[in-house]
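The values are calculated or read from the model by the stated rules, or taken from the named source; none is laboratory data. None of these values were measured; they are calculated from a predicted model. Here the Cβ is made from the backbone with ideal geometry for all residues, glycine too, and neighbour counts use every protein chain on show.
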Protein chains: 2
Amino acid sequence: MTYCVGLLLNEGLVFASDTRTNAGVDQVAIVPKMHIFEVKNKRVIVILTAGNLAITQSVVNALKANTLKKGKTKHINNVSSMFDVAALVGEEMRLAYERDAKHLKSQNIEFNATILVGGQIKGEKPRLFNVYAAGNFIETCPETPYFQIGETKYGKPIIDRVVKHDSKMMDVVKCLLVSFDSTIRSNISVAAPIDLLLYKINSFSSKNKKRITDNDPYFIQLRQEWSAGLKKVFTGLKNPNWF
Amino acid sequence: MTYCVGLLLNEGLVFASDTRTNAGVDQVAIVPKMHIFEVKNKRVIVILTAGNLAITQSVVNALKANTLKKGKTKHINNVSSMFDVAALVGEEMRLAYERDAKHLKSQNIEFNATILVGGQIKGEKPRLFNVYAAGNFIETCPETPYFQIGETKYGKPIIDRVVKHDSKMMDVVKCLLVSFDSTIRSNISVAAPIDLLLYKINSFSSKNKKRITDNDPYFIQLRQEWSAGLKKVFTGLKNPNWF
């Protein structure tokens, strides 16, 4: 499985993805699920993937290959809006479906893939989309400024409690790390290292990125303090006197 | 959907279930998912159900009807161990499958049901089982003293952090209410009132039960204090200085 989150804030975009992939429990490996398309000072586009790894890798591969093809009129590095970028991702998802779905079905495997794509193209504000396996997609709004894909449920409550469209970017990073910690504790199909990317509005740069390992001193401290803090709050709550 | 939890502690058993049922979003109703079989001073058996309501209601109905049938040699009120009780629940699940599964399949509906069954029969310690749709079942152990069924993921992290086999019963009740609160906030298919039952070891009585509504003063206070406490701990955590 996988856990990825993308958020659109007033300050810009935050992306985080785990790196565990597994086929059953026998085949567990580290694979990055974050892919960056950047044209210096013009556009930064970030893709996070969940679902069948062969499908999502083939989609990302096609998106990359298209940028290099001579005569390819429309690709991720030249279309003029993030909406068009999401449409390109959707198109590649549909091509993958046409090519793979019947073969997967013959092995009783569902065509299962979801892709978050966000970023900023000069002339537009930053935008964030969620592209489904059918190639259709939705966009965030101020009321719901984030998307999760993969193993989303364990880490959702803390995001729901804390994150707003106007939250400070580094508070959101802290919240995401708590969200990943909750998920990783309860589900072995999600694991560190966590890939993190902060895109600051109008920066047109992807330089603020970091791979956070289990041994990262900040992540260790955060996990310990959060766990101790939760237990302290929990212990401080009065028990009911019902029985 | 549904959210139910059963726990086996040193002090006894704790059961909690929500009461929301829905067929799509158009048909939402309150239905209890907790069923009690009691033979005074001899046995208390509690059943929590998740999944297709028609299936689980038919299983519970058959278990009840069997206790009244003349000449029925084995039923939930007379078998001599909780293991045998779980086997009876499994048998009824299999009979429901044989009767219903093909008809459900013709409407593209999966045969989907899970049942927790726990309690104490005189001569035995309290025991707790999880019966699957296939009629097979597993039992708790001190290392993993609880089962969840239904929408389990939102509320799992707090249970994983707090509950042990030797936790105090009222601490566990408090933890379950926090777990239900997290689930209810993030998923509209789970909702109060919550049915709660505490079975104290060797009591052979089901008297400690309560229906907790959204307006319950303790539940309101717990939710407010937990939310405020979480936010305080979260705010107190240092932000990373990575970028």
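So here's what we get for this one:
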read-out	value
Residues of segment B:123-138 satisfying the condition of being assigned to a strand (DSSP E or B) and within 14 Å of the chain's Cα centre (by Cα)	B:Arg127, B:Leu128, B:Phe129, B:Asn130, B:Val131
Qualifying residue in segment A:183-192 (condition: within 15 Å of A:Leu13 (Cβ to Cβ), surrounded by fewer than 23 Cβ atoms within 10 Å (Cβ to Cβ), in contact with a helix residue (DSSP H, G or I) (Cβ under 7 Å, 6 or more places away or on another chain) and touching a residue at least 60 places away in the same chain (Cβ under 8 Å))	no
Counted residues, segment A:202-226 - those being surrounded by 13 or more Cβ atoms within 10 Å (Cβ to Cβ), within 11 Å of B:Leu237 (Cβ to Cβ) and among the polar types (S, T, N, Q)	1
A:Thr73 closer than 24 Å to A:Asp181 by Cα and β-branched (Val, Ile, Thr)	no
Enumeration of residues in segment A:53-65 that are surrounded by 17 or more Cβ atoms within 10 Å (Cβ to Cβ) and either among the aromatic types (Phe, Trp, Tyr) or in contact with an Asp or Glu (Cβ under 8 Å, 6 or more places away or on another chain) (or both)	A:Ile55, A:Ser58, A:Val59, A:Ala62, A:Leu63
Exclusive hit being crowded, with 22+ Cβ neighbours inside 10 Å, outside any loop (DSSP other than H, G, I, E, B), at pLDDT 95 or above and of a type in the set (Gly, Ala, Ser), set A:Ala96, A:Ala101	A:Ala96
Complete set of residues in segment B:1-52 that are charged (D, E, K, R) and touching a residue at least 40 places away in the same chain (Cβ under 8 Å)	B:Glu11, B:Asp18, B:Arg20, B:Lys33, B:Glu38, B:Lys40, B:Lys42, B:Arg43
Options A:Ser179, A:Ser167; residue that is touching a strand residue (DSSP E or B) at 6+ places or on another chain (Cβ under 9 Å) and not in a helix (DSSP H, G or I)	A:Ser167
Any chance B:Phe219 is aromatic (Phe, Trp, Tyr), touching a residue at least 24 places away in the same chain (Cβ under 8 Å) and on the phi < 0 side of the Ramachandran plot	yes
Residue in segment B:166-176 that is over 19 Å from the mean Cα position of the chain (by Cα), surrounded by 21 or more Cβ atoms within 10 Å (Cβ to Cβ), free of Cβ contacts under 8 Å to residues at least 40 places away in the same chain and at the interface with another protein chain (Cβ under 8 Å from one of its Cβ atoms) present	no
Breaking point among (1) facing chain B (nearest Cβ under 9 Å); (2) touching a helix residue (DSSP H, G or I) at 6+ places or on another chain (Cβ under 6 Å); (3) polar (S, T, N, Q), for A:Ser179	(1)
Top-ranked residue in segment A:144-164 [being part of a loop (DSSP other than H, G, I, E, B) and farther than 16 Å from A:Gly6 by Cβ; ranked as nearest to the other protein chains (Cβ to nearest Cβ)]	A:Lys153
Restricting segment B:182-210 to residues that are of a type outside the set (A, V, I, L, M) and in a strand (DSSP E or B), the residue that is nearest to the other protein chains (Cβ to nearest Cβ)	B:Lys210
Of the criteria (1) surrounded by 23 or more Cβ atoms within 10 Å (Cβ to Cβ); (2) modelled with pLDDT under 95, which one A:Ile47 fails	(2)
Per-region count, segment B:214-236, residues more than 7 Å from chain A (Cβ to nearest Cβ) and aliphatic (A, V, I, L, M)	2
Filter result for the condition that a residue is closer than 30 Å to A:Ser227 by Cβ, crowded, with 18+ Cβ neighbours inside 10 Å and among the small types (Gly, Ala, Ser), over B:Gly90, B:Gly150	B:Gly150
Output for segment A:1-40, where each listed residue is aliphatic (A, V, I, L, M), in contact with a Leu (Cβ under 9 Å, 6 or more places away or on another chain), at pLDDT below 95 and outside any loop (DSSP other than H, G, I, E, B)	A:Ala23
